[in-house]
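Working notes, structure below.
The values are calculated or read from the model by the stated rules, or taken from the named source; none is laboratory data. Computed from a predicted structure; not experimentally measured. Please note: Cβ atoms are built from the backbone with ideal geometry, for glycine as well, and neighbour counts cover all protein chains shown.
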Amino acid sequence: MLTVVAFIGVILVLVFVHELGHFTAAKLSGVRVLEFALGFPPRLFQVRRGETVYTLNLLPLGGFVKMQGEEDPSDPRSLAAQPMGTRAVILSAGAFMNLALAIVLFSVVAMLPQRQLVGDVVVAGVAAGSPAAAARLQAGDVVRTVNEQRVENGADLEYQVQLRLGAKATFGVDRAGTRERIDVTPQWSSPADTQYPVTIGSVAAGAAGEAAGLQRGDAIVEANGQAVASLAALRAAVEQAAGAEISLLVERGRSQVATRVTPNLNPPEGQGPLGIVIAAANEATGVLYGLDNQHIASRGVAAWRAVPAGFRQAGETLVLMKNGITKWFLGDSNPRDDLLGPVGIARVTGEAASLGITPLLLLMAALSLNLAIMNVLPLPALDGGRLLFVAIEFVRRGKRIPPKKEALVHLAGFVTLMIAAGIITYFDISRIAEGRSAFGG
């Protein structure tokens, strides 16, 4: 039920804001607006105010503003009768409103206090042959900033790196008491043979791992004589030991060290049986990192900084979208796994709503930004397709494409979009049947 309610609520807000842009621009331009509709027919409710009918329809997956003479310029108050500049403003107003909504939502989220796990992001190791190795990042470096933006947890690091794929990213690190600036070029994808050993990111004080002499940066090679190639393999060895002593072989620098550790079957809250945290891997740079001095902090910006933060977040989200599309062409990701139809969006919306208001607002902002971009693309049946015909008219010095031909192109585009939506929805349902996440994981 939460998923359904959240999905319908989000979609109606995004559609209302989009159509309000068209409606307001048309009214201010003197264009006769025949209908302002939320949802698609069949009609549930209607009310007339002046020359406009306001309707609420059954299918909450869109909406529309019906204007007089959208392709027929015979009526002076029709859309088609307006100058090219006026038509361009009316057609682009919906996308503009969605962009504005995204910035407002990002600004609101920036002001909201968000309790997060933060600390010192410490390099536990670097993968051989990786960009981090080429840049000479070292185990023990504490990453303070990336691209001049503060880094206080793994999410900060991952986010800033994703913004600079294929370009220079400047790491500000503390190394042996001095601040260093190191330029790293994150790669679009890791080579297939890149190995990320099971490396210790941190060791809890007083834990079993500390008693056994384990250290940050140790790469666990074997457990009870069995190769450890993944975190799952290490967990299996600990579970099989059932509290008995385990022999470990670790790589420390250029040497191998053997040790024995007895798992704690009743560790303190937040610790595992060994009291160690395995380092996470940032595959774009090859950095293995852990988090030291962990604590919960409330993060947010002052009101006067919220709007600039909202603009910055919107711009960075566009960069992430661009990078995602670039990965399709590079073969590093599959559009089938990344694109979401109504079913997939509903799943993600439900998940975000279950996590709280902040994730839901962030998702709504991203969807609003995505809607703005989609609608200005020069695709028939979308606002961008209609803007394309205005541009063609401008190039032809005011000579229009015949209305019937333009209407036929938009109809063909609409049918194509519906087929594409059906295919994407099929993949959404397939992911559900296969038990995969909404993003294909």
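Filter the range 94-153 down to the residues that are touching a residue at least 12 places away in the same chain (Cβ under 8 Å), polar (S, T, N, Q) and under 17 Å from GLN313 (Cβ atoms) and list them by number.
ASN98, SER107, GLN114, GLN116, ASN147
Give the number of residues within the range 300-351 that are within 27 Å of GLU152 (Cβ to Cβ) and hydrophobic (A, V, I, L, M, F, W, C).
14
For the structure I just gave you, tell me whether THR24 is touching a helix residue (DSSP H, G or I) at 6+ places or on another chain (Cβ under 9 Å), more than 27 Å from PRO403 (Cα to Cα) and outside any strand (DSSP E or B).
It is false that THR24 is touching a helix residue (DSSP H, G or I) at 6+ places or on another chain (Cβ under 9 Å), more than 27 Å from PRO403 (Cα to Cα) and outside any strand (DSSP E or B).
Restricting the range 171-198 to residues that are surrounded by 15 or more Cβ atoms within 10 Å (Cβ to Cβ) and among the β-branched types (Val, Ile, Thr), which is modelled with the lowest pLDDT?
Within the range 171-198, the match that is modelled with the lowest pLDDT is THR194.
Would you mind stating whether SER247 is out of contact with any Lys or Arg (no Cβ under 6 Å at 6 or more places or on another chain) and either among the small types (Gly, Ala, Ser) or in contact (Cβ under 8 Å) with a residue 24 or more places away in the chain (or both)?
no
When you scan the range 329-339, do you find a residue that is assigned by TED's automatic domain parsing to the domain that holds LEU61 and either part of a loop (DSSP other than H, G, I, E, B) or surrounded by fewer than 17 Cβ atoms within 10 Å (Cβ to Cβ) (or both), even just one?
No, that holds for no residue.
Would you check if THR55 is crowded, with 17+ Cβ neighbours inside 10 Å, among the polar types (S, T, N, Q) and farther than 25 Å from PRO342 by Cα?
The answer is no for THR55.
Scanning for something in contact with a helix residue (DSSP H, G or I) (Cβ under 8 Å, 6 or more places away or on another chain), closer than 19 Å to LEU363 by Cα and assigned to a helix (DSSP H, G or I), does the range 284-305 turn up at least one residue?
no
Considering each residue of the range 344-361, count those that are surrounded by fewer than 18 Cβ atoms within 10 Å (Cβ to Cβ) and β-branched (Val, Ile, Thr), and give that number.
2
Against the condition in the same structural domain as HIS22 (by TED's automatic domain parsing), modelled with pLDDT of 80 or more and among the small types (Gly, Ala, Ser), how does GLY324 come out, does it pass?
no
State yes or no: is LEU340 aliphatic (A, V, I, L, M), in contact (Cβ under 8 Å) with a residue 24 or more places away in the chain and under 23 Å from ALA421 (Cα atoms)?
yes
Just for strands (runs of 3 or more DSSP E) wholly inside the range 51-159: which have at least 1 residues that are within 30 Å of LEU34 (Cβ to Cβ)?
52-67
Looking at the structure I just gave you, is ILE345 β-branched (Val, Ile, Thr) and either in contact (Cβ under 8 Å) with a residue 24 or more places away in the chain or part of a helix (DSSP H, G or I) (or both)?
Yes; evaluated as a whole, the condition is true for this residue.
Any chance the range 258-268 includes a residue that's in contact (Cβ under 8 Å) with a residue 60 or more places away in the chain and surrounded by 12 or more Cβ atoms within 10 Å (Cβ to Cβ)?
Within the range 258-268, one or more residues are in contact (Cβ under 8 Å) with a residue 60 or more places away in the chain and surrounded by 12 or more Cβ atoms within 10 Å (Cβ to Cβ).
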